[in-house]
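All remarks here apply to the structure that follows.
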Amino acid sequence: MPEARVFILYTGGTIGMGHLDPAIPHSPLVPKSWEELQHFMPSIQPNGYFPLTKGIEFEYHSFDEVMDSSQFNTGHWKMMAEEIEKRYDDFDGFIIIHGTDTMAYTASGLSFMFENLAKPVVLTGSQLPISHSRTDAVNNLSNAIHVAAAKAFDLDLIPEVCVCFNDKLLRGNRSTKASTNDFDGFISPNYQPLAELEEKIKIRKEYVLNQPTGNFLTQTELNINVIEIGLFPGMRPDLLRKLVIDDEVDGLILKTYGSGNAPCSDEFVSVLRKAHDNGTHIMFISQCLQGGVEMGKYNASSPFQNLGIISGGDMTPEAALAKMMFVLGLRKSYSETRFMLQQNLVGERSI
């Protein structure tokens, strides 16, 4: 019997990129196959360190078309969720190799789609291709294996969707991409890392979700009739009206200033009132990385408290968007939907 069984799903991303024309060093980078990628990771081969020394058994699956994650949509989230659902009972942990551009969106989406998740689902990738002489890919993937195969290393189990990058393990729905070139590409601005993977691995159990007691389920129906808009000085309310005064817009997320401040002009307020009256759920989140929305803290947010605006607290934009799609996809009553949007469902918010 293996010490641990780990399923690795390869979807594409920088980690597996190579030049479109190998003979031209500056030709565009395109995703290569899993067979080409794993050649650079001897430790996962049958006679490598992880299987031979630690007794870890791997199974691999690749998207039929691996791609840059900027091309992903919610249908790809569903594909990932279904691949894990099919194998959930047979593996101890799961790794999704993913591009960095939308990794935080996928991690947030999956965190809501998986109910009663009792095993680690770890998203990882890299800033440089695995074939590069200074790649961060090998370290990131190795760390992800330690988390996914926790029992083989006598580590505490982390029953969450996580992002593993640059020796840190972040809650997936608390993560956001912060750099295009720094190896420390992801941050968790409003929540502590779940683990630090330095010379010694330190699992911070006080920040990890409790082990669930119910049966594992997936809910993959999302409502994508949602838009997210950032406020800016000089924004024309009439243009916002054209976007949101539409029966097809079920959810509107506004990235407001500071702790939830927005223009208080009659025209701007009337646009939001009309959208709310049309049945659109409106959520305020903050443009600031740290902190979050506190409705009524400043007078500039008080006019919106009577409009049924939902506070997104300290959620990241990625988590707010995924949560809105997920909750609306449940097709509950208006009041139930509002209630769920304000709750902390899977550790995505603190305030």
Take residue 125 and tell me if it is of a type outside the set (A, V, I, L, M), within 28 Å of residue 215 (Cβ to Cβ) and at pLDDT 95 or above. no
Of everything in the stretch 261-299 that's buried (at least 18 other Cβ atoms within 10 Å of the Cβ) and among the small types (Gly, Ala, Ser), which residue is nearest to residue 349 (Cα to Cα)? 292
Name the pairs: first residue in the stretch 4-23 and more than 30 Å from residue 86 (Cα to Cα), second residue in a loop (DSSP other than H, G, I, E, B), Cβ to Cβ under 6 Å, at least 6 apart or on different chains? 18/32; 19/27; 20/27; 20/28; 21/27
Of all residues in the stretch 173-203, which are touching an Asp or Glu at 6+ places or on another chain (Cβ under 8 Å) and under 30 Å from residue 1 (Cβ atoms)? 194, 197, 202, 203
Name the pairs: first residue in the stretch 245-272 and in the same structural domain as residue 233 (by TED's automatic domain parsing), second residue assigned to a loop (DSSP other than H, G, I, E, B) and among the acidic types (Asp, Glu), Cβ to Cβ under 8 Å, at least 6 apart or on different chains? 259/294; 260/294
For residue 207, are the conditions met, namely being within 30 Å of residue 287 (Cα to Cα), in contact (Cβ under 8 Å) with a residue 60 or more places away in the chain and within 20 Å of the chain's Cα centre (by Cα)? no
Identify, please: which residue in the stretch 101-120 is over 11 Å from the mean Cα position of the chain (by Cα) and either over 18 Å from residue 324 (Cβ atoms) or aromatic (Phe, Trp, Tyr) (or both) and is, among those, surrounded by the fewest Cβ atoms within 10 Å (Cβ to Cβ)? 116
Taking the criterion of being surrounded by 21 or more Cβ atoms within 10 Å (Cβ to Cβ), modelled with pLDDT of 90 or more and under 25 Å from the mean Cα position of the chain (by Cα), would at least one residue in the stretch 37-58 satisfy it? yes
Filter result for the condition that a residue is under 23 Å from residue 180 (Cα atoms), in a helix (DSSP H, G or I) and at pLDDT 95 or above, over 104, 81: 104
If I ask for residues that are over 17 Å from residue 36 (Cα atoms) and out of contact with any Leu (no Cβ under 7 Å at 6 or more places or on another chain), which ones from the stretch 121-145 would you list? 122, 123, 127, 139, 140, 142, 144, 145
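The values are calculated or read from the model by the stated rules, or taken from the named source; none is laboratory data. None of the values given here were measured: they were computed from a predicted structure. All Cβ positions, glycine included, derive from the backbone under ideal geometry; neighbour counts span all protein chains shown.
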